[in-house]
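Below is one structure, written out as structure tokens; the observations come after it.
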Amino acid sequence: MASRIPVAAVLAAAVLGVTTAYAEPTGLDEIVVTAQRKQESAQTIGLALSVVSGDDLREKGVQKVNDLQNATPSLEVEPAFGSGQPQFRLRGVGFIDYTANNSSPVGVNIDEVSLPFPVQTQGQLFDISRVEVLRGPQGTLYGRNTTGGAVNFITNRPTSDLQAGITAEYGSHQAFAAEGFVSGPLGETLKARLSWAVENGGAWQRNRATGEDLGDKDKVAGRLQLEWDPTDAINLRLNVHLSKDESDAYGTQLFSNFTPTSGGPVIPADTSPYSTGWSLNPAFAQTVGISASTKPGVNNTNNGVDLTAVFNLGSVKLTSVSAYNKLVRRELGDWDATQYVESDIYFHDDVKVFSQEVRLASTGTGPLGWVGGVYYSNEKLAEDFFSDFTQRLGGSALTNYHQEGKSVGVFEQTNYQFTDQLKGVLGLRYEHEKRDLINLNTSFTGVPSLIAGGPQSRSLSNSDVSGKVGLEYQFAEHSLLYGNISRGIKSGGFTAHNTVGNPNAVDAFAPEKLTAYEIGVKSDITSTLRINASVFYYDYKDQQVLSKVFDLGSQSFIGRFVNAPKSEITGGELELQWHPVKDLDIQQYIGYKKGKYKAFIINSEGVDFNGQDLSFPKFSYGGDLNYGIGLGSLKLTTGINYSYHDKYSQLFLLGPTFTTDSYWLANASITLAPAEGKSWSAAVWARNIFNERYDLTRNFFLPFTNIAAVGEPTTVGIRVGYSF
């Protein structure tokens with residue numbers, strides 16, 4: 001099956017090229033981004049970034065942040081054990097953790113507001129203008145420092161004229177989704193935008209024992225933006241967002257035979273992607289405060305408010321971004337994927353984050369430009385992590401703790417235009433962070449604490465300097481060559497998921513540091529052909545790795561996050577956009593990365609993992625083919641988009657059994673709309689059109705329970721939209 005998509009793509013391009021050989025080509029669209037805290041063309045800045053428009057998100061079936069891995073190179077987002085705790089990895093830089101307390105090396109921002117905990121990113125994507133995916137360390141322009149990169153969501157803003165729109169779609173398994181907005185002026189200086197989204201249905205998995213459905217969505221979200229311009233020099237934007245998610249989970253399934261501890265019949269490995277299993281011990285359900293009939297799923301609220309204030313002071317611009325976000329997470333998972341009570345999990349999290357960023361930027365047109373700022377963040381997290389091992393260990397466990405964190409960062413970036421062709425970039429950042437883990441404890445049925453010495457508390461404090469040096473050279477019109485050396489830092493943290501009795505398992509791990517060396521080129525070779533490419537080398541220090549250490553006191557191994565002293569990653573990306581003829585749009589991307597540990601000893605016996613491959617997929621590939629056909633006053637647009645995901649080997653951590661195979665995904669759509677304007681549209685779509693069977697991730701929980709989070713088979717549907 002792996003060869004079917006490239007052949008189809010080549011044939012489609014050839015056929016379309018022949019049938020439209022005499023059509024007039026059209027120029028490439030300028031892509032305006034705010035990746036460097038100001039509006040500018042993506043082709044004129046020396047950064048490796050991909051931009052996905054709001055319309056493209058819809059066409060590619062991107063409904064949550066995880067789906068972006070099907071739309072951009074070198075990005076993977078894994079669901080930990082199939083749960084709502086995503087694990088981001090960009091250019092191989094990632095962090096694997098199923099508890100909520102540690103930050104991600106890939107920053108996620110919505111309208112310049114950072115979401116420090118990955119679990120905060122699982123809300124609905126709606127009324128989005130574009131997504132900017134920045135590859136490489138970020139920190140000299142952003143409040144939060146990262147080693148892997150950043151994913152920036154930019155929502156549509158209030159408009160000066162009255163506008164409104166609604167889009168709805170209905171698909172397989174009675175899945176329904178709709179979103180809409182109303183935007184316009186409330187007075188001479190005040191305008192507003194109200195947008196909303198809902199999702200329902202879509203259950204596609206079945207309990208292999210009872211036949212009960214699993215996978216229904218039940219989501220609702222809303223956003224109100226008020227934008228006030230009291231004078232020409234002042235702009236204030238208030239954003240209030242609310243969301244509620246009571247959806248079922250995607251069930252995991254068995255990829256090897258399961259032998260129950262209770263002595264029941266063996267459950268064969270699942271051969272159908274539709275199969276899963278779950279059950280809930282009534283006593284455990286009562287302990288966590290849910291019904292015994294509750295399916296695996298979530299009961300989350302994710303609310304917040306932020307205020308962005310911009311003051312034009314003549315030669316400088318002052319920007320303030322104040323934000324408060326609160327997430328309440330209630331999530332039930334069945335990690336044995338059977339009707340037995342061997343490992344059921346329930347998370348009860350409360351997350352509160354306040355952040356304040358103040359920036360000052362130059363606005364002049366001279367050769368010198370700069371931006372600098374201060375960032376402050378205050379994070380509070382409380383997590384109760386319940387585990388039911390009744391049939392495996394004879395009881396249930398509770399791990400609970402509080403965590404508090406404060407960070408202050410001072411950052412600046414300056415650029416100087418030496419000549420019309422040559423520009424230099426210099427950035428610097430200083431930050432101080434302090435994190436406190438408070439009263440982490442694991443208790444078991446009848447045992448108040450499994451940790452020797454009782455509840456544990458730890459503190460971690462660090463101050464670091466990072467920065468960036470870059471050169472940008474415009475060697476021809478619409479062609480840019482750039483080189484950057486940048487250093488990023490990811491926060492340290494604590495291993496909070498342990499249920500072992502050794503207090504040393506709670507010890508902090510240090511921040512990781514990454515120095516990136518990158519060369520890239522951006523070129524509009526012709527008015528219809530754009531090619532961007534970059535290559536990089538990452539020098540990784542103290543990489544944070546889930547591993548094990550040998551404890552001399554207990555003479556045993558304990559699992560926890562550790563720091564690998566030295567590792568490296570090399571790779572690159574190539575992106576192409578081509579309009580060979582009128583109404584034909586071709587986009588392609590490919591990414592490659594490879595990494596190795598250079599110095600890493602994980603136990604007292606001196607086993608050195610120097611030369612061991614880092615665990616991540618090496619290749620990513622994808623693209624789009626869209627062709628429009630004029631039908632009088634109407635236009636029919638046919639499109640296909642596809643992505644390839646390389647195999648994912650976890651030999652270092654889990655062994656060859658848990659390697660996920662490579663897979664292709666392809667989606668297709670046909671859309672009818674007016675040739676001029678977009679007052680209405682009607683479309684039919686299909687996702688995973690070749691019905692590819694694939695695993696998103698593989699793992700285990702307790703010995704002999706091997707589970708996989710599987711991808712959704714083919715779905716089809718219709719979509720209609722209207723706007724004015």
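Brief remarks on what is shown
- Count of the stretch 310-319 residues which are part of a strand (DSSP E or B) and more than 27 Å from the chain's Cα centre (by Cα): 6
- When restricted to residues that are assigned to a strand (DSSP E or B) and either open to solvent by 20 Å² or more (accessible area, probe 1.4 Å) or among the charged types (D, E, K, R) (or both), the stretch 623-640 contains 12.
- Count of residues meeting criterion [of a type in the set (Gly, Ala, Ser) and buried (at least 22 other Cβ atoms within 10 Å of the Cβ)] in the stretch 508-551: 3
- Looking only at the stretch 94-112, residues that are under 18 Å from Tyr142 (Cα atoms) and either in contact with a Leu (Cβ under 6 Å, 6 or more places away or on another chain) or crowded, with 23+ Cβ neighbours inside 10 Å (or both) come to 7 in all.
- Qualifying residue in the stretch 170-179 (condition: in a strand (DSSP E or B) and within 22 Å of Thr319 (Cα to Cα)): no
- Taken over the stretch 252-266, the criterion of being in contact with a Ser or Thr (Cβ under 6 Å, 6 or more places away or on another chain) and open to solvent by 10 Å² or more (accessible area, probe 1.4 Å) is satisfied by Val266 alone.
- Residues being among the polar types (S, T, N, Q), at pLDDT below 95, out of contact with any strand residue (DSSP E or B) (no Cβ under 8 Å at 6 or more places or on another chain) and farther than 20 Å from Gly427 by Cβ are entirely absent from the stretch 497-507.
- Of all residue pairs spaced 6 or more apart or on separate chains, those with beta-carbon atoms under 6 Å, a first member in the stretch 416-435 that is within 30 Å of Gln403 (Cα to Cα) and a second member that is open to solvent by 90 Å² or more (accessible area, probe 1.4 Å) are Lys434/Lys406.
- Filter result (under 19 Å from Arg687 (Cα atoms), in contact with a strand residue (DSSP E or B) (Cβ under 7 Å, 6 or more places away or on another chain) and part of a loop (DSSP other than H, G, I, E, B)) within the stretch 31-89: Lys60, Gly61, Ala71, Thr72
- Here the condition is being surrounded by 24 or more Cβ atoms within 10 Å (Cβ to Cβ) and not charged (D, E, K, R); of Pro79, Pro86, Pro73, Pro116, it holds for Pro73 alone.
- Scanning the stretch 576-595 for residues that are surrounded by fewer than 20 Cβ atoms within 10 Å (Cβ to Cβ), within 21 Å of Ala666 (Cα to Cα) and within 24 Å of the chain's Cα centre (by Cα) gives Leu576, Gln587, Gln588, Ile590, Tyr592.
- On the stretch given as the stretch 353-380, residues that are open to solvent by 50 Å² or more (accessible area, probe 1.4 Å) and of a type in the set (A, V, I, L, M) total 4.
- Residues of the stretch 280-296 that are of a type in the set (Val, Ile, Thr), farther than 19 Å from Gly215 by Cβ and either outside any helix (DSSP H, G or I) or open to solvent by 50 Å² or more (accessible area, probe 1.4 Å) (or both): Thr287 alone.
- Single residue of the stretch 202-230 satisfying the filter (free of Cβ contacts under 8 Å to residues at least 60 places away in the same chain and aliphatic (A, V, I, L, M)) that is farthest from Asn299 (Cα to Cα): Leu224
- The stretch 685-694: number of residues that are open to solvent by less than 30 Å² (accessible area, probe 1.4 Å), touching a residue at least 60 places away in the same chain (Cβ under 8 Å) and assigned to a strand (DSSP E or B): 1
- In the stretch 320-352, of all residues being closer than 30 Å to Gly364 by Cβ and open to solvent by 10 Å² or more (accessible area, probe 1.4 Å), the one that is farthest from the chain's Cα centre (by Cα) corresponds to Ser320.
- From the list Asn462, Asn484, the one residue that fits, being at pLDDT below 95, part of a strand (DSSP E or B) and more than 19 Å from Gly559 (Cβ to Cβ), is Asn462.
- Residue within the stretch 448-466 that is buried (at least 21 other Cβ atoms within 10 Å of the Cβ) and under 30 Å from the mean Cα position of the chain (by Cα) present: yes
- Within the stretch 695-724, being of a type outside the set (D, E, K, R), in a strand (DSSP E or B) and open to solvent by 20 Å² or more (accessible area, probe 1.4 Å) holds for Leu696, Asn699, Phe700, Asn706, Val716, Ile718, Val720, Tyr722, Ser723.
- The set of residues in the stretch 35-62 that are buried (at least 18 other Cβ atoms within 10 Å of the Cβ), of a type in the set (S, T, N, Q) and farther than 29 Å from Ala666 by Cβ contains only Gln36.
- Filter result for Gln124 (at pLDDT below 90, under 28 Å from Gln588 (Cα atoms), over 12 Å from the mean Cα position of the chain (by Cα) and not small (Gly, Ala, Ser)): yes
- Ser669 under 25 Å from Arg91 (Cβ atoms) and open to solvent by less than 20 Å² (accessible area, probe 1.4 Å): no
- Leading residue by the ranking (nearest to Asp344 (Cα to Cα)) among those in the stretch 385-415 that are of a type in the set (D, E, K, R) and without any contact (Cβ under 8 Å) to a residue 60 or more places away in the chain: Glu404
The values are calculated or read from the model by the stated rules, or taken from the named source; none is laboratory data. Remember, predicted model here, so these are calculated numbers, not experimental data. Note: ideal-geometry Cβ built from the backbone for every residue, glycine included; neighbour counts use all protein chains shown. Only protein heavy atoms, including side chains, enter the accessible area calculation; ligands, DNA and RNA are left aside. Shrake-Rupley method; radii C 1.70, N 1.55, O 1.52, S 1.80 Å.
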